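What follows draws every value from the coordinates through simple rules; no lab data is involved. Note that this is a predicted model, so its numbers are computed, not measured. In this analysis, Cβ positions are derived from the backbone assuming ideal geometry, glycine residues included, and neighbour counts consider all displayed protein chains.
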Amino acid sequence: MNRYFVDANVLLDALLERPDHSEDSIALLAMGAREEVRLLTTPISIGVLLYHLQRSDADKKGLRLQQAQRILADLLACVEVVPVETEHFQKSIASGFGDLEDGAQYWAAVSAGPLDAVVSRDPDYDGHIGVKRISAKQAVRRVKRKK
């Protein structure tokens with residue numbers, strides 16, 4: 001089974017229904033829920049998603065809070081959240097990543113086992129990771145080919 005690290009921009013593509021990206025991101029998360037692929041993310045990416053869901057005080061109560069809770073519960077059924085530890089930030093510092101947060105997330109995902117790819121639209125990963133960075137569309141195609 002393929003193992004992919006999925007970063008915040010892919011999660012937000014699905015949540016915010018961004019044109020040209022949401023369909024494939026949603027399809028990939030659905031494949032994760034059906035256990036056709038193992039999707040890994042980090043608390044950092046979950047935090048970015050929650051920031052977008054709960055920016056205002058109104059977003060933290062009532063129906064908006066209930067909606068955020070449902071979205072988070074649904075997401076957690078699709079992805080495995082791997083911890084980010086001090087050592088992952090240290091590896092990021094030593095690795096030459098320009099975006100230290102991306103580096104820490106990558107090293108956290110790798111520490112959970114071998115990855116087949118990083119699913120992201122963020123070019124900050126390029127040249128710093130031991131696997132290929134692919135789009136959600138490419139990830140969906142890869143999973144479908146393995147069926």
Please give every one of the aspartates and glutamates within straight-line cross-link reach of K137, meaning a C-alpha to C-alpha distance under 13 Å, and leave out same-chain neighbours fewer than 8 residues apart. D13, D20, E23, D24
At 222 nm, what value in deg cm²/dmol follows for the chain if DSSP H runs of at least 4 each add -39500 (n - 2.57) and the sum is divided by all its residues, to the nearest 500? -16500 deg cm²/dmol
Between K146 and D99, the two model label points (7 Å from Cα along the beta-carbon direction) sit apart by a distance in nm of 2.4
Taking the Cα centre of each part, how many Å lie between segment 6-49 and segment 122-136? 16
With θ taken as phi - 60° and the coefficients 6.51, -1.76 and 1.60, list the Karplus ³J(HN,Hα) couplings across segment 131-146 in order, rounded to whole Hz; mark glycine and proline as x. 10, 7, 8, 10, 7, 4, 4, 5, 5, 4, 4, 4, 5, 4, 5, 7
In whole Hz, with x marking every Gly and Pro, tabulate ³J(HN,Hα) for segment 18-31 from phi via Karplus 6.51 cos²θ - 1.76 cosθ + 1.60, θ = phi - 60°. 5, x, 6, 10, 5, 4, 6, 5, 5, 4, 5, 5, 4, 5
Residues with amide H under 5 Å from that of K132, placed H, sequence gap 5 or more: V118
Between beta-carbons, use under 11 Å as the cut-off and find the net charge around P123, counting Lys and Arg +1, Asp and Glu -1. -3
Residues of type lysines that K132 reaches as a straight line, Cα spacing below 20 Å, ignoring anything fewer than 8 places off in the same chain: K91, K144, K146
With +1 assigned to the C-beta of every Lys and Arg and -1 to the C-beta of every Asp and Glu, and no other charges, what is the dipole magnitude of segment 3-146 about the Cα centre in debye, to the nearest 20? 500
Around T41, with a cut-off of 10 angstrom between Cβ atoms, what is the net charge of the other residues, counting Lys and Arg +1 and Asp and Glu -1? -2
Cα-based Rg/(2.2 N^0.38 Å) for the chain, rounded to two decimals, is 1.03
Scattering profile of segment 104-147 at q = 0.13 Å⁻¹ [log10 I(q)/I(0), Debye over alpha-carbon scatterers]: -0.29
Positive end of the dipole of the chain, charges at C-beta (+1 Lys, Arg; -1 Asp, Glu), about the Cα centre: which of V81, H21, G98 has its Cα farthest in that direction? H21
